[in-house]
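Okay, structure first, notes after.
The values are calculated or read from the model by the stated rules, or taken from the named source; none is laboratory data. These numbers were taken from a predicted model, which means no experiment stands behind them. Here Cβ is always computed from backbone atoms with ideal geometry, including for glycine, and neighbour counts include all displayed protein chains. For the accessible areas, the whole protein counts, side chains as well, though only heavy atoms, and no ligand, DNA or RNA atoms are used. Shrake-Rupley method; radii C 1.70, N 1.55, O 1.52, S 1.80 Å.
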Amino acid sequence: MTLSRRTVLKGSAAALATGFTLNGRAPAIAQAANRTLKFIPHANLSSIDPIGTTGYVVRNHGYMVYDTLYSFDSQFKPKPQMAEGHEVSTDGKTYTIRLREGLKFHDGEPVRSRDVVASLKRWAARDGFGQTVMALTDEMPIVDDRTFQFRLKEPFPLLIEALGKPSSPVPFIMPERIAQTDPTTPIKEAIGSGPFRFLANEWVPGSRAAYARFEGYVPRNEPIDGHAGGKVVHFDRVEWVIIPDPATATAALQRGEVDWLEQPQGDLLPVLEQSKDITITSYDPIGTVVLLRFNHLHPPFDNPKVRQAVLAAASQNDYMTAMVGNPKLFRECKSFFPCGTPMSTGAGGEAMVADLDKAKAMLRDSGYKGEKVVIISPTDLAYLHTLGLVTEDLLKRLGMNVELVATDWGTVLARRASQEAPDKGGWNIFHTTAVGVEFMSPTSHLALRGHGRASWPGWPTNPTIEKLRQDWIKSGSLDEQRAIAAQMEREAFTAAPYVPIGQYQLPTALRRNLTGLVAASAPFVWNIRKA
Amino acid sequence: MITFILRRLMAAVPVLAVVTILVFSLLYFAPGDPATIIGGDLATPEEIARIRSVLGLDQPFLVRLAIFLGQLLTGDLGTSIFSNLPVTHLIAQRIEPTLALATVTILFSIAVAIPLGTLSAWKAEALIDRLVMVVSVLGFSIPVFVLGYGLIWLFAIKLQWLPVQGYTPLSQGVGPWLANLVLPMLSLSTVYIALIARITRASLLEVLAQDYVRTAKAKGLGDRKVLGHALGNAAVPIATIVGIGIALLIGGVVVTETVFAIPGLGRLLVDAILRRDYPIIQGVILLFAAAYVLINLMIDISYAVFDPRIRY
């Protein structure tokens, strides 16, 4: 038999056609497509340990696979999720928590109290709020397979709030055998009791992760409300498609190859807005806060007057315009707690006058001696690098001696951890962002601490802030909490542990046939469905 | 020839050993620390120190090098610091897309560039020659990612003929496999087509000016036969440039894989560098080094095939 050129061409054309006409092949495929959600996360899923690694993408993976004892509703109140409920002893020192009936892990094992206790211990080893809980806890006895207790040294009204903590690291519940892994060693299996099973054999880090609906998951009966309520799933399969290039991710959504692009790049939004098949919205009602962090260990920012001068010079509008662009997506927020959340009082916010002349005078009076200010800035995270450039310009106009060290995020993180002087591998300023939910409570607010070298990079020492934080933890009513939060803010605007430089809504882009997006601080895949 | 191949393969061992030690040393002294990335924003200095200890990153240089070399000798490239998956597993997941993209790109480039270069040399100074050279200068000048975006816009968004991104394994059918490869292949091959076409033209022009070609023509040999002989004699520099092209492809695929979201080795390496995932960086670079050595060997062997005067 001989093959003519024409035969080969015909065969090739037929083979190609098979690939190119997949969309019109059969109703069964279309139906399967309706039961599959293709989602582009904001970053690569490089780890599957939501306790060992605190990146938001790993947290979001955690929400797919794991469940929590309690969850916050849209009013930031903790509601039972895996828990059926709890009882508090009259002295307020014993909490008895009972699990819902029929909870199962993806490996078929029931969720038992011992799994919960082991999981909470691992979580607490990595979480500031968790450490507060454990410091106040005498023991966690197991009553039976579905019941366990917290026996506290003293009453701690925020315990249930801690167990419903919504952001990294989230107190996810995993089997005891996995939860016993050292908190700094990554776990090897993703077995949870959440609404989706992780398909480990399909995980290609940097490219793809896949999840299948967990048939054994029983959602709560309450309607969805923030992180709380019944997680009713309408997809059999969810695929995370990792596309690092923003333009390609945008094109994939335009083409309909994916259903949901978690974080479209700001300058590509106009392209997506032109498409009648795409909706641009936001899932996080609080938004993201942005900050400029000083290193308090070394000159010139060991001097509070120099920090106050920068605080007085900074214009939130300049920063947010440069970073976000679209004024509909950001707001000025002169508060150390995210605007729109209960603890945000704005007390002392008048210190942020955005007046360069006044700031120059303050700097002159501060005793600044022309020390070099080293700003570390990651060029591979364009939005953060933009902030570095704005600060460089601002400080130069202020009359400071500035060096912008532009490098990659990995190097910024390593250098940021150094407590050495800036000329010996340290730094003076970095910028970062945090989802608002993490900064809405003094218990989880990393940047509003004052315990010196043991605290988050920047290492401010401020006994007043620390005392107010302790008072807040022990306080009872919301009014009392707000009063203490106002004092904390006033102190912070004087001591300037960092400069709050705005708050913005992260846009998210979906195909128009997706409905039911949950308003929460993470992109949840329950409640949402495809028409 | 067999002795030559064996000798060259033996010589590759010290080359790979030097590459291994060099890469390990560079990574050791480079700034960045995976422990700070794993720890994230929340980590205290004590936690970072503990993570470093668990990962063995607090060990002295020689101890870490000895552990790494010991693993390597048993065929173990280590485990990813972040995903906890074996590096060999990660490479196995990624090798097919990279090999597929590199293979179709180089085959397509050769299939287009050699006829173009030949035509250009045969019609030297004619309009077609000028046209080919203008196109090849353009091919050199357009960055791969710009061309990639342009192709996506035209063929995926506007015409909706081809997918924007991703990779379908060959096991799922030739059609879907090729559909995902066409655009990356086109954008990546442009520079190689330009390179190979120019070298083909230059080599052929040199051969066509030789006395024996004029003699062959004078004896009445047909154009096609003359060109066939000339091309054979011009093959050595063309083979060299194709070999260099294959080696350069290893760098080229990094950008193309990123633009078209192809899960290949290039992206694996870039992601690993950004996260300081040392075992992956070491494993992939070692693999690339071995590929370079192998490509060079194949090019040397091809010399003997194209030119009977060359014997090893």
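A dipole drawn for the protein assembly as shown from +1 and -1 charges on Cβ atoms has a positive end, and of B:115, B:145, B:197 the residue lying farthest that way is B:115.
Centre-to-centre separation between the Cα atoms of the stretch B:267-294 and those of the stretch A:333-353: 47 Å. Counting Cβ atoms of other protein chains within 10 Å of each residue's Cβ and taking the mean over peptide A:410-420 gives 6.
Once the convex hull of all Cα atoms in the stretch A:35-148 is built, its volume per residue stands at 153 Å³. Full extension of the chain between residue A:282 and residue A:389 gives 35.8 nm of extra length, using 0.36 nm per residue less the Cα-Cα distance. Residues of the stretch B:263-287 falling in the label zone of residue B:21, defined by backbone nitrogen less than 19 Å from a point 7 Å along Cα to beta-carbon, are B:282-283, B:285-287. Accessible-area rank, largest first, for A:218, B:63, B:226: A:218, B:63, B:226, with all protein chains present and a 1.4 angstrom probe.
Full extension of the chain between residue B:61 and residue B:206 yields a length gain of 46.8 nm, computed as 0.36 nm times the residue separation minus the alpha carbon distance.
Decide, for chain A, between rounded, prolate and oblate: order the square roots of the alpha carbon gyration tensor eigenvalues as a ≥ b ≥ c, take rounded if a/c falls under 1.5, and otherwise choose prolate if a/b is larger than b/c, else oblate. Oblate. Projecting the Cα positions of A:501, A:382, A:304 onto the charge dipole of the stretch A:288-504 (unit charges on Cβ atoms of Lys, Arg, Asp and Glu, taken about the Cα centre) puts A:304 furthest along the positive direction.
Within chain B, the selection of entire DSSP H helices by a Cα span of 30 Å or greater along the long axis and an average Kyte-Doolittle value of at least 0.5 returns B:2-29, B:87-122, B:174-208, B:235-259, B:278-306. Between residue A:35 and residue A:512, the simple label model (points 7 Å from Cα in the Cβ direction) yields a spacing of 2.7 nm.
Of the residues B:29, A:105, B:145, ranked by 1.4 Å probe accessible area with the largest first, the sequence reads B:29, B:145, A:105. Ranked from largest to smallest solvent-accessible area, with a 1.4 Å probe on the protein heavy atoms, B:44, A:432 come out as B:44, A:432. Using the Cβ-Cβ distance between residue B:174 and residue B:46 with R0 set to 41 Å, the FRET efficiency works out to roughly 0.15.
Among A:515, A:76, A:102, whose Cα lies farthest out toward the positive end of the dipole of chain A, if unit charges sit on the beta carbon of Lys, Arg (+1) and Asp, Glu (-1)? Of the candidates, A:515 comes out farthest on the positive side. Using heavy atoms of the protein chains and a probe of 1.4 Å, the accessible area assigned to residue A:510 is about 10 Å². Antiparallel beta bridges, as assigned by DSSP with both residues in the stretch A:335-492, represent about 10 percent of the total such bridges. Given +1 at the Cβ of Lys and Arg, -1 at the Cβ of Asp and Glu and no other charges, the dipole of the stretch B:121-261 around its Cα centre is 420 debye to the nearest 20.
The residue B:304 and residue A:380 beta-carbon pair, evaluated with R₀ = 35 Å, returns a calculated FRET efficiency of approximately 0.15. Note on residue A:323: accessible area approximately 30 square angstrom, rounded to 10, probe 1.4 Å, nucleic acids and ligands left out. A simple spin-label model places the labels of residue A:321 and residue B:30 3.9 nm from each other, with each point 7 Å out along Cα-to-Cβ.
One chain, two ends: residue A:121 and residue A:396. Fully extended at 0.36 nm per residue, the span grows by 94.2 nm beyond their Cα-Cα distance. Ligands, DNA and RNA aside, residue A:197 has an accessible area near 90 Å² when probed at 1.4 Å.
When a/c is below 1.5 the answer is rounded, else prolate if a/b is larger than b/c, else oblate, so apply that to the stretch B:90-141 with a ≥ b ≥ c taken from the square roots of the Cα gyration tensor eigenvalues. In terms of gyration-tensor shape, prolate.
Taking each DSSP H run with n ≥ 4 as -39500 (n - 2.57) and averaging over every residue of chain A yields -9000 deg cm²/dmol at 222 nm. Pop the C-beta distance of residue A:519 and residue A:366 into the FRET formula with R0 = 60 Å and round what comes out to the nearest 0.05. Given R0 = 60 Å and the Cβ-Cβ separation, E is 0.85. Working from label points 7 Å from Cα in the Cα-to-Cβ sense, the residue B:2 to residue B:161 distance is 5.0 nm.
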